[in-house]
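Step one of this worksheet: look at the structure below.
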Amino acid sequence: MNMLSHEVFWPPADELLESAEAIRRRLGDWPAASKAWRVCLSTPDTARGGDLIVGGPRELATDGVGALAIEPGGATLHLGGVQYALEGEWSDDSLPAFAAFLDCGFEPHDALVLAFAWRPGNLDELDAWPVDFSTFPKVANLPAPPVAPFPPCPDRLGLYPVLPSASWVERVLDAGVKTAQLRRKTSDPGDLKQEIERSVAAGARHGAQLFINDHWREAIEAGAYGVHLGQEDLQIANLDAIAQAGLRLGLSTHGYFEMLSALHFRPSYLALGAVFPTTTKIMPTAPQGLSRLARYVRLLDGLVPLVAIGGINGAVLRQVLSTGVGSAAVVRAVTEASDVVSAISALQQEFGR
């Protein structure tokens, strides 16, 4: 795992680089990082895109440059117009660990989470990857979670089709599926209300876990089992109202920082993705891949039910389930199947293995 193909620290710091390379060697094989980040230990005269300036003023965080403020009890990364604030234990090993996780291809905010979680003793483990949740930092400056907790859902939600209409919900539940989501794309309030009510009714008839994507107000009115929200929805949705109505909450995540942010709100489940490239939705991040999914599951299994999502079909489902994840969301594997009942049966069999 040679990190010498690009400038890791500026100015050059031999001891830090040696420590970073020792950590990187223990992290295993990862696809080459798409961007060569440079950790600047002081502010360069001319910052360039990809520089992460330790102690640099936040005003420098423009045009692909990041500023990392390390303070007692935490750190804050300013990058791309976003502030990523973490509370945790920062040690002498954290900065080389940060560089090592950047080299594994993680975005800086996720690499920063892993740097906080890294402990020198990890080097002595058979698998050095941080998976002890107690060592992970907390995301700072988040609003308080709802006073009333969200109700739980089954630990393993199984096959989880995400469907475009109530007729699809009815069809899939009739075929024996017990978890589904209505993702209705419409600007017509009447259509949305009708589709949600019809889907919720189908879920009730079948005793199924029926989630509504995004439209939490309508889901509350219809008495849905639960709602599924994206990270962007956390800023605008009334989580207290959802919890007080007794609805379950599923949250999308795309990496370590978003997982920690989502867990703060004590959701009923987390969706991890996108695992593979997908054309059903524009994704904010590159595909996570199976290696990352397996690490996420090792970290979070037992803490919260997990759902793998993004580009999953029958050809890859067995690999996805081999990570230990208890549920997998599918879209086209069902909606574009020539024989929907047979496709569902085949997918269900993979869960039964």
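The values are calculated or read from the model by the stated rules, or taken from the named source; none is laboratory data. Everything numeric in this text was worked out from a predicted model, so none of it was measured. FYI the Cβ positions are ideal-geometry reconstructions off the backbone, even for glycines, and counts take in every protein chain you see. What goes into the accessible areas is simple: the full protein's heavy atoms, side chains included, and nothing from ligands, DNA or RNA. Shrake-Rupley method; radii C 1.70, N 1.55, O 1.52, S 1.80 Å.
What is the set of long-range amide H partners of CYS40 at a cut-off below 5 Å, with H atoms built 1.01 Å from backbone N?
Placed amide hydrogens put TRP10, LEU52, ILE53, VAL54 under 5 Å from CYS40.
Rounded if a/c is under 1.5, else prolate if a/b beats b/c, else oblate: with a ≥ b ≥ c from the C-alpha gyration tensor eigenvalues square-rooted, which is the stretch 125-170?
Note, shape of the stretch 125-170 comes out oblate.
Please report how far the C-alpha centroid of the stretch 49-88 lies from that of the stretch 204-258, rounded to the nearest whole angstrom.
32
Mind checking the alpha-carbon convex hull of the stretch 139-233 and giving the volume per residue in Å³?
120
Above 18 angstrom, tally the Cα pairs of the stretch 73-123 and express them as a % of all pairs, no decimals.
So the portion of pairs separated by more than 18 Å is 25 percent.
Rg and Dmax in Å for the chain, alpha carbons only: what are they?
21.7, 67
If you filter the stretch 142-240 for trypsin sites (Lys or Arg not before Pro), then keep DSSP loop positions with at most 10 other Cβ within 10 Å, what is left?
Sites meeting the loop and neighbour criteria: LYS185.
Using the Karplus curve 6.51 cos²θ - 1.76 cosθ + 1.60 with θ = phi - 60°, work out ³J(HN,Hα) for each residue of the stretch 123-129 in order, rounded to whole Hz, and write x for Gly and Pro.
4, 8, 7, 4, 10, 7, 5
Determine the relative contact order of the stretch 138-248: mean sequence separation of Cα pairs under 8 Å and six or more apart, normalised by residue count, in whole percent.
With pairs under 8 Å counted, the relative contact order is 28 percent.
Give the accessible surface of the chain per residue, rounded to a whole number of Å², with probe radius 1.4 Å and ligands, DNA and RNA excluded.
Heavy-atom SASA per residue in the chain reads 45 Å².
With the crude spin-label approximation of a point 7 Å out along Cα→Cβ, what separation in nm comes out for ASP174 versus ASP127?
Label-label distance for ASP174 and ASP127, simple model: 4.3 nm.
Given just the C-alpha atoms of the stretch 291-339, how large is their convex hull per residue in cubic angstrom?
Considering the Cα atoms of the stretch 291-339, their hull volume per residue is 73 Å³.
For the stretch 261-328, just say rounded, prolate or oblate: build the C-alpha gyration tensor, square-root its eigenvalues into a ≥ b ≥ c, call rounded for a/c under 1.5, and beyond that prolate if a/b exceeds b/c, oblate if not.
oblate
Pop out the ³J(HN,Hα) list for the stretch 33-44 in order, Karplus 6.51 cos²θ - 1.76 cosθ + 1.60 with θ = phi - 60°, rounded to Hz; leave Gly and Pro as x.
Result, rounded to whole Hz: 4, 6, 9, 8, 6, 10, 8, 9, 7, 8, 7, x.
Using alpha-carbon pairs under 8 Å, 6+ residues apart, how would you state the relative contact order of the stretch 194-290 in percent?
RCO, the stretch 194-290: 18 percent.
Sequence-distant or interchain residues sharing an amide H contact under 5 Å with ARG248, placed H: which?
Those qualifying (amide H under 5 Å, at least 5 residues apart or on another chain) are GLY226, VAL227.
Angle between the Cα long axis of helix 108-117 and the longest principal axis of the chain, 0 to 90 degrees, nearest 10?
Relative to the chain, helix 108-117 is tipped by roughly 80 degrees.
With a 1.4 Å probe and every protein chain kept in, tell me what percent of the accessible surface of the chain is carbon plus sulfur.
49
Take the chain, connect every pair of alpha-carbon atoms lying under 10 Å apart with a spring to form a Gaussian network, then pick out the residue of ALA328, ALA175, ALA115 with the largest mean-square fluctuation.
Of ALA328, ALA175, ALA115, the most mobile in the Gaussian network model is ALA175.
Between the stretch 156-179 and the stretch 96-118, how many Å separate their Cα centres?
What the calculation gives is 38 Å, centre to centre.
Ordered by residue, what ³J(HN,Hα) values in Hz, to whole numbers, does the stretch 235-251 give under the Karplus form 6.51 cos²θ - 1.76 cosθ + 1.60, where θ = phi - 60° and Gly and Pro are x?
7, 10, 6, 8, 5, 4, 5, 5, 5, 5, 7, x, 8, 6, 10, x, 10
Tell me whether the stretch 15-156 comes out rounded, prolate or oblate; compute the Cα gyration tensor, take square roots of the eigenvalues as a ≥ b ≥ c, and use a/c under 1.5 as the rounded threshold.
Oblate.
Report the per residue volume, in Å³, of the convex hull enclosing the C-alpha atoms of the stretch 89-183.
198
Mind checking the angle between helix 340-352 and the chain's longest principal axis? C-alpha axes, 0 to 90 degrees, to the nearest 10.
The helix 340-352 is inclined about 50 degrees to the chain.
Using the alpha-carbon atoms, what tilt in degrees (0 to 90, nearest 10) does helix 189-206 show relative to the longest principal axis of the chain?
80
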